[in-house]
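Heads up: the structure comes next, in structure tokens.
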Amino acid sequence: MKKYFFHIIFFLIVVSNYSVRADVNSIMQKGNEFYKSNLYQLAIDEYDKLIKQGFEGESVYYNLGNAHYRLGKVGYAILYYEKALKLSPTDEDIKHNLMMAKLNLKDKVDTLPPFFIFNIWEGLLAAFSVSGWTIIVYVVFILLLISVIAYFFSRTATQQRISFFTVGGVLVLFLLTVILLTVKMNKEFNIKNGIIVESSVTVKSSPDSTSKDEFVIHEGLKVHLEDKVDDWVKIRLADGKIGWILEKNLGQI
């Protein structure tokens, strides 16, 4: 009896998963059809249904970015391109569309050019997502185990010497990939950034609508999120300026 019970449960799970997948594909296809017909707001409404269902993917974020861009909503376009790029850091189409959207930015924030070593480091981090770096760490770890086994099974002094240096090299590579994965995870889960989605936002000196106006920023600008009090968020610009804005004026990447 138990055997049949587990078979039924398994069957129901398979059917449920298939139904959910079919529903996602149906909504995605409907959104794509609206987009092709230049009905961009209807396309956005369909893609938003997937987001509300908890579906995340670079394709839906990319399509949302394209639809918002077509409607002239630069802030939302950049927000969704950034979300897509976060999941697929090497996608050239996403990078290109993000770059084109940023050409419409009104705010030009001056920052000091980073030291070239930091550029290389950031480039390495951006090369893969957290899942991508996790896979690389596993692969390098397996290579390390194989190298260690090869060392202990070496029959000649030459083979042992080669295996020894191989183990050393792979160990260094393993430690480097672990560090990169750790830093990437820290940036993903602890460092929060957002995109301004309103056309114009006045930044306040404190989380209070009656507080002093500090400066004005515009849609599409990327900001660092530092703190939150009720409906207010403390932001920091790339040039170091800080202030408070209402949470509804931005979207978190």
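The values are calculated or read from the model by the stated rules, or taken from the named source; none is laboratory data. Keep in mind that what you see is a predicted model, and the values were worked out from it rather than measured. All Cβ positions, even for glycine, are placed from backbone atoms using ideal geometry, and neighbour counts span all protein chains on display. The accessibility values were calculated without ligands, DNA or RNA, using every heavy atom of the protein model including side chains. Shrake-Rupley method; radii C 1.70, N 1.55, O 1.52, S 1.80 Å.
Here are some notes:
- Overall form of the stretch 43-105 per C-alpha gyration tensor (a/c, 1.5; a/b vs b/c): oblate
- Carbon + sulfur, % of accessible area of the stretch 144-227 - ligands and nucleic acids excluded, 1.4 Å: 62
- Ratio of the Cα radius of gyration of the chain to 2.2 N^0.38 Å, where N counts its residues: 1.34
- For the stretch 22-106, the set of trypsin sites (Lys or Arg not before Pro) satisfying both a DSSP loop assignment and a count of at most 13 other C-beta atoms within 10 Å is given as Lys106.
- Whole-Hz ³J(HN,Hα) from phi, Karplus 6.51 cos²θ - 1.76 cosθ + 1.60, for the stretch 81-91, glycine and proline x: 5, 5, 5, 5, 5, 5, 7, 9, x, 9, 6
- Inter-centroid distance (Cα atoms) of the stretch 31-48 relative to the stretch 205-253, Å: 31
- Each residue of the stretch 23-35 was assigned a 3J(HN,Hα) from its phi angle through the Karplus expression (A = 6.51, B = -1.76, C = 1.60, θ = phi - 60°), giving 5, 4, 4, 5, 5, 4, 5, 5, x, 4, 5, 4, 4 Hz with x at Gly and Pro.
- Using a cut-off of 28 Å between Cα atoms, the listed pairs Lys30/Lys222; Lys83/Lys248; Lys95/Lys228; Lys36/Lys83; Lys30/Lys95; Lys36/Lys234 include Lys30/Lys222; Lys95/Lys228; Lys36/Lys234 as exceeding that distance.
- The mean accessible area for residues of the chain, using a 1.4 Å probe and ignoring ligands and nucleic acids, is 64 Å² per residue.
- Largest mean-square fluctuation among Ile78, Ile149, Ile94, in a Gaussian network model of the chain whose springs join Cα atoms under 10 Å apart, belongs to Ile149.
- Here the stretch 167-249 has an Rg and Dmax of 18.1, 63 Å, counting Cα atoms alone.
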